[in-house]
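Enquirer: Let me begin by handing over the structure; questions about it come next.
The values are calculated or read from the model by the stated rules, or taken from the named source; none is laboratory data. Everything quoted here is computed from the prediction, not taken from an experiment. In this analysis, Cβ positions are derived from the backbone assuming ideal geometry, glycine residues included, and neighbour counts consider all displayed protein chains. Note: areas computed on protein heavy atoms with side chains; ligands, DNA, RNA excluded. Shrake-Rupley method; radii C 1.70, N 1.55, O 1.52, S 1.80 Å.
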2 protein chains.
Amino acid sequence: MWNIIRTFYERSVFRTSERAGGSLSEGPSLDLSGKRTTFSRRPVFRILLLTCTLLASLQLRAEDGYRLWLRYDRIDDPSLLAQYSSAITAMIFPTPSPTLLVARNELLDDLGSMLNKKLPIRTSLADNCLLAGTPMTSPVIAQLLSSKYPGLSGDGYVLHTQQTEGKHLIIIAARSNIGVLYGVFAFLRLLQTHQSIQDLSLSSSSLIQRRILDHWDNLTRTVERGYAGASIWNWHLLPGYIDQRYIDYARANASIGINGTVVTNVNANSLVLTPLYLQKVRALADVFRPYGIRVYLTAKFSAPVDIGGLKTADPLDPAVQKWWKDKCDEIYSLIPDFGGFLVKANSEGQPGPQTYGRTHTDGANMFADALAPHGGIVMWRAFVYDARPQTGHADADAHKTAAIDSDTHEIAAPDRFKQAYAEFTPFDGKFRSNVLIQVKNGPIDFQPREPFSPLFGSMPKTPLMMEFQLTQEYLGQGTHLVYEAPLFKEVLDADTYANGKGSTVAKIIDAAASGAPLTGMAGVSNIGNERNWTSHPFGQANWYAFGRLAWDHTLSSRQIADEWIRQTFSNQATVVSALEKMMMASREAVVNYMTPLGLHHIMGFSHHYGPGPWLDNASRADWNPVYYHRADAYGIGFDRTATGSNALAQYQPQVRQQWLDSNTCDEKFLLWFHHISWSHKMKDGKTFWEELCNRYQSGVDTVKWMQQQWQSLTGLIDKERFTQVSMLLDIQEKEAEWWRNACLLYFQTFSRMPIPPGVGHADQTLEYYKSLHFPYAPGSGGSL
Amino acid sequence: MWNIIRTFYERSVFRTSERAGGSLSEGPSLDLSGKRTTFSRRPVFRILLLTCTLLASLQLRAEDGYRLWLRYDRIDDPSLLAQYSSAITAMIFPTPSPTLLVARNELLDDLGSMLNKKLPIRTSLADNCLLAGTPMTSPVIAQLLSSKYPGLSGDGYVLHTQQTEGKHLIIIAARSNIGVLYGVFAFLRLLQTHQSIQDLSLSSSSLIQRRILDHWDNLTRTVERGYAGASIWNWHLLPGYIDQRYIDYARANASIGINGTVVTNVNANSLVLTPLYLQKVRALADVFRPYGIRVYLTAKFSAPVDIGGLKTADPLDPAVQKWWKDKCDEIYSLIPDFGGFLVKANSEGQPGPQTYGRTHTDGANMFADALAPHGGIVMWRAFVYDARPQTGHADADAHKTAAIDSDTHEIAAPDRFKQAYAEFTPFDGKFRSNVLIQVKNGPIDFQPREPFSPLFGSMPKTPLMMEFQLTQEYLGQGTHLVYEAPLFKEVLDADTYANGKGSTVAKIIDAAASGAPLTGMAGVSNIGNERNWTSHPFGQANWYAFGRLAWDHTLSSRQIADEWIRQTFSNQATVVSALEKMMMASREAVVNYMTPLGLHHIMGFSHHYGPGPWLDNASRADWNPVYYHRADAYGIGFDRTATGSNALAQYQPQVRQQWLDSNTCDEKFLLWFHHISWSHKMKDGKTFWEELCNRYQSGVDTVKWMQQQWQSLTGLIDKERFTQVSMLLDIQEKEAEWWRNACLLYFQTFSRMPIPPGVGHADQTLEYYKSLHFPYAPGSGGSL
């Protein structure tokens, strides 16, 4: 402990010693970047430079993480700074709209900071001038777009350099105002990541229309599955008090192309639809509008009863339909660009159309009809499974039940894996055109690894929207460094074969394959009111990656990591390289130390913190880890082939084929589909048990390696974040061992096989691990 | 709304345009302070100066409030900067202890920042050298203290300038290491507030030993009566993760002399005493120790049952006594300087000794005996009142019941005012020597104005500890600017006459009068995890004022405000003068627009937000506003003279005499002690009703005036905080009118008298005000 404390004494965060390259107490160096500057030619220049550097070294540089990837510090490569500075000497940026105004101010402020100068604003062309706008605000831009970028669409943007009237221009252009804002952020990103701006000729448009953050934030300001403090929405103080965070939230989202926010929890509260709260929502919408971000709300299905005084919420009841229509009229009178509703219906206790003997179509279309006149949409979640408590044995259910496991567990509930598909595919093509079905990436629930949901590709006449989870409910919560882009990409790049080979999930949702008129991607937010937004500094990377992928899912995980690191930490090659390696390895690490080889849903009950593979007493069978891993004396895994639940039948034959045979099935999905003998021979020749043990160990080893990588960056990262991540990696390492120890001890009671050499042994008994309780683990039950 | 939004666009907080005096977009001025610098003699110097100023203007200066009063920005008065800089050219500061190490680093960093230079550390005397330490670390200091400050005691400090061996020295000296840290902060304060450091000869010691913040923070991270986000204690991540806030919290507290923190809610949770949580508490204690801050915990009386497996928590049961003794041994093995327990027993549903037929003495002494071997103390709260639900009529109670009010209300519950006195005075002298009885400043519960608690001065053989509430439960919660020092001072300076004239409350608690060996002052914290700690920027002033007064209650409110403003906002005379006036007026304003003339406890139920004088259906009579104001056709107010509850008898005769006669009673306490006719003639000749109306209006008027004062500072305050406080003052103004309107409309139903001219009329009906509900108001029921 003393070492940690001592490190802290040597830090001083809201004091003055913090700077990019070290602290006052570290020594007399005046150099900020660690490189010696080499172009001090004249004495005055040298004095200037020294002074600047000295001042910079003394300035308050609290790297508390609040600035996210929008740090815009002075370019610390002198030759690059000189290059940029001579290329940008003025700007032309008419601002006839609020969006163009915020875009211009962003550009002015951030360039001012990065280039260390105030750019003059001109109205006529000048050499080395930055010209930004739309065809409406500039004939040069009108000409450029029509001649060179005729296909530029929507809120896409162009960054282009050219000579006009003998003057070198850098042009940020778009057809829409929001496009200009996106272009501004893209241009700033080039500078922040030290890219060349000399010969620009690039354009970018999004492949997905609705790029949305879903906040599972309650009106109490607790956050379901939130690990970053309280909700950033201070409902009590709205509308009178506009927290600066709202602005910075909007800026951060706009910078990565996110254009919508569902501000309330899917486990909804009707009260947000009352006039008192709608005034508050309106205030948020007013803040977000210039940044191109629409506000959405979650609609509680029972709202007409809860707050409307009706006796029913039956979607076919005309009074109910009128109530929602009136409610939508009221909302749009306050928020003309209101986005629409996200609805969790008939799922985990939430009311829905089935409560009244109606269908998902009846429910979704009722909302759709009320929203349609105003241009609003419905995002209807496909995350449904029979909400009735299940007992040990099969209930009278239309679904095929899972196989009964021999002697150890008698669970025979329907396979939850299959339920969304079973409930939704019958309604394909029956939803209104302003309905999106929002589907979680996998069939269960945001596990470290899931096969893609079989719904993707199975509803060709219905627009499907992707739901990813940024908050790390099952990925180490607030303390594990897990970069999620590889997880997102794995799903997006998975081939559904829905329209033959190459029908990736990405193509299903971006409508390139299906031609759906409405497209969307949602990410369940990992944002709270902790100073750095996400608590774990690397949680910011997942927010960033989600936005970037929603904008352009063809980007690679590595490319996004590279961008994010440079903007968030440093452009130094050592830093970029080490962090990129860590980030790229981190997702496979968490899979390995938590749920290798296709294990899933074996975490602690309710709060989902830590391992709990032994849990078997939840009120529903399919809330129990034992339901999912089905370990017994023979082996482990959930048989989802024809001898089991046959969930595999929900996939296209080509997909099914990949996973059908336990000997050829990709081992990373093995236990998702097969009940495997402990002595099953794996591709590397080891037994399954040995492989399982090795995978757990490998996960732990990767975390240890990540710790080393991080430590190798001592002195290259600001002290506050360096210490912070060091502590978090220590927790992650301990918890990885905890997972390994608890799971292997438990599974060993079935396999009765020895832990192979090289795999760490548990320092506690299984009983000890079973005895651990965490009544106030955050993210559930009102704990933060 | 557009104006607010627009203001935001022009702000850029985690961007670069923020600086002390304006933003990039405001114009080409290069000057930071608003004054023209005049001493640019040589060209190079001029260039340097310009460069510095330019850089400063571009540097990130996010005035998000996180830095509190510890900003230590560069001294912006050039001649003063030059003066300071030439007076301090090096320092001698040996650091043989963690405390001296943090003290030195603080000094080094903060002087580095304020003087814009790195001070060399020397080991031998030099001219213009700063020498810091204790007699142990420096013979010069040993000599100084013994010769000139022999009376310096405890953690007191000395700031002294002298010539030694022909060298000019500035000496920061103390007998203890913590005293040196306090001296460092006092010295830094001189510079931050632009005081002279030329001829220093001052010493300061605290009059109160235990200067403690009480956190009503739950293990879930919700905060009872908290209005600043979640608890700063992230229990789930402790001990592995040390939030930077913990360090900065310790620094801030040490800077004002606070030396203890009760980290858990008085409505306690036994779980914090389990080994899992004690490890977390230990980690906090380790962080705080070098800053001289001890950790205390709240002890739930039923812990031996809750977590100890015992059948009883009877304080006379030997097994219970042994359990607490063992628990204390366990705690001290982890935290050798653990402070002790704060206990809320037999109050508002909390268990206590009376649960087992025992007395407060039995309970407190049991803890005292367990803690005594380790040097720990017990803070036993006197905030008790019969917890049994009361019905309309008097219950069989030993206490004298309050008079039954004529025809309107038939309440005849015992007077809650009297209960702490009734329960505690019989035990005077019966508590162990390591017990402090912690008494709220007034007899009810932290109202905008209360007479001092009659316990002060009534337990001469028992050390009493003051409990103030910093969090504004009854003072506008998160949004009202109310500077509390005048409230604190009013109580501290009140004369109890316990030992004749001049026996002020302050003298009772600082033991000057009573000679008590143990002294203490507690402030219920207003701190949360919002970026600026207290949500309202002026909430910081209350934290600051509490610390300063706990250190030295002879300081004036104005003096403390002056210090705080200069450190927190600016040394500019216009700013200091305007803010000081606002702050000094703010407490009387809240009294007037909420509870003028002695009204009390007439706020909303449970959450205590907004006016609710009509409330009469709480489960206890004394939770109802009607119980306190007793308005009827005749008049209003609680008769606490001999014709009523006779609570006045609990005061010394001289005090009683001041308040006994409704015609001579200080009108600010009138309704605390008298049931007054609506037409009662006030000292200014008006009827009581007119006066009441005028006072409400006057409260509103003061807030409007505060708004004007604040607006007059446009451009002199950083934009983020300026906008923030502007919005908050707007809310305060609306809520002040709400209070006026709702209360006057309601009381008018009794007085049946017209609203006098000049008093604003309500724009809503009484029914409207009664209809308002705030189910998720923060600070209660798990809402944040």
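Enquirer: Do the conditions hold for B:Leu297, that is, is it in a strand (DSSP E or B), open to solvent by less than 30 Å² (accessible area, probe 1.4 Å) and under 20 Å from B:Ser535 (Cα atoms)?
Expert: So B:Leu297 does not fit the description; no.
Enquirer: Looking for something without any contact (Cβ under 8 Å) to a residue 40 or more places away in the chain and aromatic (Phe, Trp, Tyr) - is there at least one such residue anywhere in the range B:237-244?
Expert: Looking for residues that are without any contact (Cβ under 8 Å) to a residue 40 or more places away in the chain and aromatic (Phe, Trp, Tyr), one finds at least one in the range B:237-244, hence yes.
Enquirer: Which members of the range A:217-235 meet the condition of being surrounded by fewer than 24 Cβ atoms within 10 Å (Cβ to Cβ) and facing another protein chain (nearest Cβ under 8 Å)?
Expert: Of everything in the range A:217-235, those that are surrounded by fewer than 24 Cβ atoms within 10 Å (Cβ to Cβ) and facing another protein chain (nearest Cβ under 8 Å) turn out to be A:Leu219, A:Thr220.
Enquirer: Going residue by residue through the range A:431-439, is there one that turns out to be open to solvent by less than 10 Å² (accessible area, probe 1.4 Å), in a strand (DSSP E or B), at pLDDT 95 or above and not hydrophobic (A, V, I, L, M, F, W, C)?
Expert: yes
Enquirer: Kindly indicate whether any position in the range A:361-370 is out of contact with any helix residue (DSSP H, G or I) (no Cβ under 9 Å at 6 or more places or on another chain), closer than 27 Å to A:Phe456 by Cβ and touching a residue at least 40 places away in the same chain (Cβ under 8 Å).
Expert: Scanning the range A:361-370, I find at least one residue that is out of contact with any helix residue (DSSP H, G or I) (no Cβ under 9 Å at 6 or more places or on another chain), closer than 27 Å to A:Phe456 by Cβ and touching a residue at least 40 places away in the same chain (Cβ under 8 Å), so the answer is yes.
Enquirer: Next up: Can you go through B:Gln477, B:Gln472, B:Gln540 and tell me which one is under 30 Å from B:His608 (Cα atoms), outside any loop (DSSP other than H, G, I, E, B) and within 14 Å of chain A (Cβ to nearest Cβ)?
Expert: Residue meeting the stated conditions: B:Gln540.
Enquirer: Can I ask one more? Quick check, is B:Ile293 away from chain A (no Cβ under 12 Å), out of contact with any Pro (no Cβ under 8 Å at 6 or more places or on another chain), under 30 Å from B:Leu101 (Cβ atoms) and not small (Gly, Ala, Ser)?
Expert: yes
Enquirer: Looking only at residues that are out of contact with any helix residue (DSSP H, G or I) (no Cβ under 6 Å at 6 or more places or on another chain) and farther than 16 Å from A:Tyr291 by Cα in the range A:85-107, which one is surrounded by the fewest Cβ atoms within 10 Å (Cβ to Cβ)?
Expert: Looking at the filtered set, the residue picked out is A:Ser86.
Table: residues versus (1) small (Gly, Ala, Ser); (2) part of a loop (DSSP other than H, G, I, E, B).
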| residue | (1), (2) |
| --- | --- |
| A:Asp248 | no, no |
| A:Val266 | no, yes |
| A:Ala283 | yes, no |
| A:Gly309 | yes, yes |
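Enquirer: Suppose we filter the range B:693-731 for residues that are assigned to a helix (DSSP H, G or I), of a type outside the set (A, V, I, L, M) and over 20 Å from B:Arg449 (Cα atoms); how many remain?
Expert: 15
Enquirer: Here's a follow-up. So which residues in the range B:491-528 are assigned to a helix (DSSP H, G or I) and over 14 Å from the mean Cα position of the chain (by Cα)?
Expert: B:Val505, B:Ala506, B:Lys507, B:Ile508, B:Ile509
Enquirer: Still on this structure, I have one more. Quickly run through the range B:260-277 and pick out the residues that are more than 11 Å from every other protein chain (Cβ to nearest Cβ) and open to solvent by 20 Å² or more (accessible area, probe 1.4 Å).
Expert: The answer is B:Asn267, B:Pro275.
Enquirer: Still on this structure, I have one more. Using the structure shown, decide if B:Ile755 is hydrophobic (A, V, I, L, M, F, W, C) and under 30 Å from A:Gln244 (Cα atoms).
Expert: No.
Enquirer: Further, regarding this structure: When the range B:106-149 is examined, which residues are found to be polar (S, T, N, Q) and either part of a loop (DSSP other than H, G, I, E, B) or more than 18 Å from B:Leu202 (Cα to Cα) (or both)?
Expert: Answer for the range B:106-149, where residues must be polar (S, T, N, Q) and either part of a loop (DSSP other than H, G, I, E, B) or more than 18 Å from B:Leu202 (Cα to Cα) (or both): B:Ser113, B:Asn116, B:Thr123, B:Ser124, B:Asn128, B:Thr134, B:Thr137, B:Ser138.
Enquirer: Kindly indicate whether A:Arg289 is outside any loop (DSSP other than H, G, I, E, B), touching a residue at least 40 places away in the same chain (Cβ under 8 Å), under 22 Å from B:Ala228 (Cβ atoms) and not acidic (Asp, Glu).
Expert: So A:Arg289 fails the test.
Enquirer: Something else now. Got a sec? Which of A:Leu455, A:Leu492 is open to solvent by less than 10 Å² (accessible area, probe 1.4 Å), in contact with a His (Cβ under 8 Å, 6 or more places away or on another chain) and within 23 Å of A:Gln654 (Cα to Cα)?
Expert: A:Leu492
Enquirer: Does the range A:139-194 hold any residues that are farther than 19 Å from A:Leu108 by Cβ and under 23 Å from the mean Cα position of the chain (by Cα), and which are they?
Expert: Selection gives A:Asp155, A:Gly156, A:Thr193.
Enquirer: Only one of A:Thr714, A:Thr723 is surrounded by fewer than 18 Cβ atoms within 10 Å (Cβ to Cβ), over 14 Å from A:Tyr593 (Cα atoms) and hydroxyl-bearing (Ser, Thr, Tyr); which?
Expert: When all the criteria are applied, what remains is A:Thr714.
Enquirer: So is A:His399 modelled with pLDDT under 95 and open to solvent by 20 Å² or more (accessible area, probe 1.4 Å) or not?
Expert: Yes; evaluated as a whole, the condition is true for this residue.
Enquirer: Do we find that A:Ile141 is within 10 Å of another protein chain (Cβ to nearest Cβ) and out of contact with any helix residue (DSSP H, G or I) (no Cβ under 7 Å at 6 or more places or on another chain) in this structure?
Expert: no
Enquirer: Take the residues in the range B:236-254 that are of a type in the set (Ser, Thr, Tyr) and surrounded by fewer than 24 Cβ atoms within 10 Å (Cβ to Cβ), then tell me which one is farthest from the other protein chains (Cβ to nearest Cβ).
Expert: Looking at residues that are of a type in the set (Ser, Thr, Tyr) and surrounded by fewer than 24 Cβ atoms within 10 Å (Cβ to Cβ), I get B:Tyr246.
Enquirer: Mind counting the residues in the range A:623-662 that are touching a strand residue (DSSP E or B) at 6+ places or on another chain (Cβ under 8 Å) and not aliphatic (A, V, I, L, M)?
Expert: 10
Enquirer: Here are some conditions: (1) touching a His at 6+ places or on another chain (Cβ under 9 Å); (2) more than 14 Å from every other protein chain (Cβ to nearest Cβ); (3) modelled with pLDDT of 95 or more. A:Asp510 meets all but one. Which one does it not meet?
Expert: It fails just one condition, (3).
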